[in-house]
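The values are calculated or read from the model by the stated rules, or taken from the named source; none is laboratory data. Computed from a predicted structure; not experimentally measured. In this analysis, Cβ positions are derived from the backbone assuming ideal geometry, glycine residues included, and neighbour counts consider all displayed protein chains.
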Amino acid sequence: MVDQRVGGTGHAFPEKFARACAAVVRRLPFGLDRLVAPSFLGFCVINGFTFGVDLALLTLLHGGLGLPVAVSVTVAYLCAFGLSFVLNRSMNFRSHAPVGRQAVLYAIAIGVNYVAFILGVGAGLAALGLQYHLSRILAGACEGVFMYSVMRWIVFADRNRSASPAE
C-alpha cells in the first residue's frame with residue numbers, strides 16, 4: 001500500500017491542492033494576494049467543477065433518460081451540492097471535525113441559499129423584468145459569496161485555531 005500522507009499531517013492530494021491554491025494567490029496582481037484567501041480560490045475551483053457535474057447530470061437525466069426537467073434539476077442540484085460538500089470538506093477546508101453537525105449546517109445553508117438566492121434574487125429580478133439569464137447570473141454571484149462565507153465561517157469553521165486573513 002502506498003502511503004499518501006505528507007509529513008504525517010494529512011493526505012497528499014488535499015495538501016497539494018491547498019499548496020497550489022496558496023501559490024496561485026501569492027502571484028495575484030494588484031495587491032489581490034492580500035485580499036483573496038486561498039480557500040476562496042479553492043472554493044471557486046471546486047464549485048466550478050461541481051457546476052459542470054450539475055450540468056452533465058442534468059443533461060444525462062433529462063436529455064438522455066427523458067426524466068422530467070423538475071426531477072432532473074433537483075437530482076443534479078442535490079448531487080452537485082453533495083459533491084461540493086465532500087470536496088470542500090476534504091480538500092479545501094481540510095476539516096477533521098465530526099461530519100454530522102457540518103452536514104446539518106450545510107443542509108440548512110442550502111435551504112437558505114435556495115430560498116434567498118435561487119427563488120428570491122433570481123426569480124425576483126426576472127419578475128421585475130430583468131432578462132432571466134442575467135437574473136440567474138446575478139443570483140449565482142450572490143449564491144457563491146453566501147455559500148463560501150457559510151462554509152468558511154460556519155460549516156467548516158475551525159474553532160480550535162484563530163482565524164487568519166490569509167486562509
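Restricting attention to segment 100-116, and to residues there that are touching a residue at least 24 places away in the same chain (Cβ under 8 Å) and not aliphatic (A, V, I, L, M), which single residue is nearest to Arg136 (Cα to Cα)?
Asn113
Could you look through segment 60-79, keep only residues that are under 19 Å from Ala109 (Cβ atoms) and of a type outside the set (A, V, I, L, M, F, W, C), and pick out the one that is surrounded by the most Cβ atoms within 10 Å (Cβ to Cβ)?
Result: Tyr77.
Give the residues of segment 80-112 that are surrounded by 17 or more Cβ atoms within 10 Å (Cβ to Cβ) and more than 23 Å from Cys21 (Cβ to Cβ), sorted by residue number.
Correct list: Ile110 only.
When you scan segment 32-43, do you find a residue that is assigned to a helix (DSSP H, G or I), modelled with pLDDT under 90, within 19 Å of Ile110 (Cβ to Cβ) and within 15 Å of the chain's Cα centre (by Cα), even just one? So that I can check it myself, show each step before the final result.
So the first thing to find is which residues in segment 32-43 are assigned to a helix (DSSP H, G or I), and the list is 32-34, 38-43.
Remaining after also requiring modelled with pLDDT under 90: none.
There is no residue in segment 32-43 that is assigned to a helix (DSSP H, G or I), modelled with pLDDT under 90, within 19 Å of Ile110 (Cβ to Cβ) and within 15 Å of the chain's Cα centre (by Cα).
When you scan segment 118-140, do you find a residue that is modelled with pLDDT under 95, surrounded by fewer than 19 Cβ atoms within 10 Å (Cβ to Cβ), closer than 29 Å to Ala18 by Cα and within 12 Å of the chain's Cα centre (by Cα), even just one?
Yes: one or more hits.
Exactly one of (1) among the hydrophobic types (A, V, I, L, M, F, W, C); (2) within 24 Å of Ala76 (Cβ to Cβ); (3) touching a residue at least 24 places away in the same chain (Cβ under 8 Å) is unmet by Ala97. Its number?
Exception for Ala97: condition (2).
All but one of (1) under 14 Å from Thr50 (Cα atoms); (2) without any contact (Cβ under 8 Å) to a residue 40 or more places away in the chain hold for Asn92, so report the exception by its number.
(2)
Please go through segment 29-55 and pick out each residue that is of a type in the set (Gly, Ala, Ser) and without any contact (Cβ under 8 Å) to a residue 12 or more places away in the chain. So that I can check it myself, show each step before the final result.
Filtering segment 29-55 for residues of a type in the set (Gly, Ala, Ser) gives 31, 37, 39, 42, 48, 52.
Listed by number, the residues that qualify are Gly31, Gly48, Gly52.
What are the residues in segment 1-30 that are at pLDDT 90 or above, assigned to a loop (DSSP other than H, G, I, E, B) and either among the acidic types (Asp, Glu) or on the phi > 0 side of the Ramachandran plot (or both), if any?
Phe30
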